[in-house]
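Working notes, beginning with the structure itself.
Where a number appears in this text, it was derived from the coordinates with a stated rule and is not lab data. All values derive from a computational prediction rather than experimental measurement. Cβ sites come from the backbone with ideal geometry, for glycine too, and all protein chains shown count toward neighbours.
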Ligand code: NAD
């Protein structure tokens, strides 16, 4: 099998100065892509600012014979990041929304500023970059997007209410981009990665981190954003340490109650086992599935 190539394509990688973003940038450059290495150069909690993080990665790519330019904007300024791609390379084909920070603190002690900053970087930042890339994708009838969620968003995580909210938001955001992009050959998927980086360095033991190289997240991302992928869109993937798995929503059997005065808390209590019965699950993929479910006469109580 020949290796996946990205010649003549432009990849924008946000937060590419370190961790996962750097691994993406180096990989795509090594496979022929033009790479925009975006990084604001902040601390893991979003403090400070420096162009060095992006510059070092650009130098490494160029030294290896690749093509890359740096961009030092915050993802909040998505237009400026995409503009860097257009100015340097004349196009944008792939957007990897990866930049991120943490402001971990128990919910009891969370301040508005902790909530706002996390949502600004992860939610607003991903939106701004995708929004700026979107007209290009539509015009050229080609675009590939990866958004970055987290297990914290999918399942919750102590001390990460802000981050969890923002990260699950990436899932809904991606699902909608996938639906709206389908007509224009715009493919969008979301990953919940796990990798050794400064983000995980303080919360995981060194022997575990050794098995979590960011490089091991890259192959899934490359597969999803390659032009040969024309069907896998709106997917949620867990990836890291050699493990790759798709996730999806699951609906229990449920109960459909008459919508009259008999719909009381007691009526729900009597059907509680059906509400929670996952023995024959369904896998809804959109709001239309819910409407179909309501209209499904077979399930109406007699
Ligand atoms: P990292 O801290 O090594 O890298 C993040 C990069 O983003 C940094 O270089 C930082 O300077 C940059 N950045 C932060 N705010 C920015 C902004 N406003 N604009 C531009 N750049 C900015 O972290 P990482 O572990 O490589 O994380 C990458 C992504 O993966 C993040 O979205 C993170 O939430 C997510 N994630 C990581 C893990 C993991 O196990 N490492 C798990 C789940 C999710």
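Helix content alone sets the calculated 222 nm mean residue ellipticity of the chain: runs of n ≥ 4 DSSP H residues at -39500 (n - 2.57) each, divided across all residues, give -11500 deg cm²/dmol. For the stretch 1-31 versus the stretch 165-196, the spacing of their alpha-carbon centroids is 18 Å. Annotation: the residues 5, 31, sorted from fewest to most other C-beta atoms within 10 Å of their own C-beta, follow the order 5, 31.
The fewest-to-most ranking of 14, 123, 231 by surrounding Cβ atoms within 10 Å reads 231, 123, 14.
Taking Cα centroids, how far is the stretch 244-295 from the stretch 59-132 in Å? Each part's Cα centre sits 38 Å from the other's. The relative contact order of the chain comes to 14 percent, based on Cα pairs under 8 Å that sit 6 or more residues apart.
With each label modelled as a point 7 angstrom along the Cα→C-beta vector, the residue 288-residue 158 pair spans 4.4 nm.
Under the simplified labelling scheme, the residue 111-residue 268 pair shows an inter-label distance of 3.8 nm, with each label point 7 Å from Cα along Cα→Cβ. Taking 135, 193, 219 in turn, the Gaussian network model of the chain (Cα-Cα springs below 10 Å) assigns the largest fluctuation to 135. When the chain is treated as a GNM with alpha-carbon contacts under 10 Å, the residue of 286, 143, 241 showing the greatest mean-square fluctuation is 286. Build a GNM of the chain with springs between Cα atoms under 10 Å: which of 199, 110, 291 gets the top mean-square fluctuation? Maximum among the listed residues: 291.
To the nearest 10 degrees, how steep is helix 125-140 against the longest Cα principal axis of the chain, on a 0 to 90 scale? The helix 125-140 is inclined about 80 degrees to the chain.
Overall, the anisotropy analysis places the stretch 173-277 in the oblate class: the square-rooted eigenvalues a ≥ b ≥ c of its C-alpha gyration tensor yield a/c not less than 1.5, with a/b not exceeding b/c.
Each Cα pair under 8 Å and six or more residues apart adds its sequence gap; the mean of these over the residue count of the stretch 87-169 is a relative contact order of 43 percent.
Taking the DSSP beta bridges with both ends in the chain, the antiparallel portion is around 20 percent. For a label point 7 Å from the Cα of residue 2 along Cα→C-beta, name the residues of the stretch 226-249 whose backbone N is under 17 Å from it. Only 226-229 pass the distance filter.
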